[in-house]
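The values are calculated or read from the model by the stated rules, or taken from the named source; none is laboratory data. Please read all numbers here as calculations on a predicted model, not as lab measurements. Cβ atoms come from the backbone with ideal geometry, glycine included; neighbour counts cover every protein chain shown. We work out accessible area using only protein heavy atoms, side chains counted, and drop any ligands, DNA or RNA first. Shrake-Rupley method; radii C 1.70, N 1.55, O 1.52, S 1.80 Å.
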Amino acid sequence: MSESSLYLLSQRLRLLARRDVLVSASGDYVAGRIRRQFEAAFRQASSLLDLVVDGDQLSAGDIAWLKRAQARVESLRPHVRALEHEAA
């Protein structure tokens, strides 16, 4: 998985994790809840992205996890597209 596709995956996971959270213009939390499953996946993807940026090799387990995360995001593609549109 390339650095750019890993970044895109992490951002999509972030959108899914925080889709129900209302934030003020200043960036302060106002209301809602973070979806823990997707937040944990976002943090894992971000950590793996840091490894890739640093030039480290991902383990077979990391690659398998990324494939599962990518498949999960792809299964939610229409929802993700709507969230990306809202965020733009």
field: Selection within the range 27-44 - at pLDDT below 80, closer than 21 Å to R81 by Cα and either outside any loop (DSSP other than H, G, I, E, B) or of a type in the set (K, R) (or both)
entry: R33
statement: Of those in the range 1-26 that are open to solvent by 50 Å² or more (accessible area, probe 1.4 Å) and of a type in the set (G, A, S), the residue modelled with the highest pLDDT is S4
task: List every residue pair whose Cβ atoms lie under 7 Å apart, where the two residues are 6 or more positions apart in sequence or sit on different chains, the first residue falls within the range 33-50 and is open to solvent by less than 60 Å² (accessible area, probe 1.4 Å), and the second residue, located anywhere, is at pLDDT 90 or above and part of a loop (DSSP other than H, G, I, E, B).
output: L48/L58
statement: Across (1) assigned to a helix (DSSP H, G or I); (2) surrounded by 12 or more Cβ atoms within 10 Å (Cβ to Cβ); (3) free of Cβ contacts under 8 Å to residues at least 60 places away in the same chain, I63 clears everything bar (3)
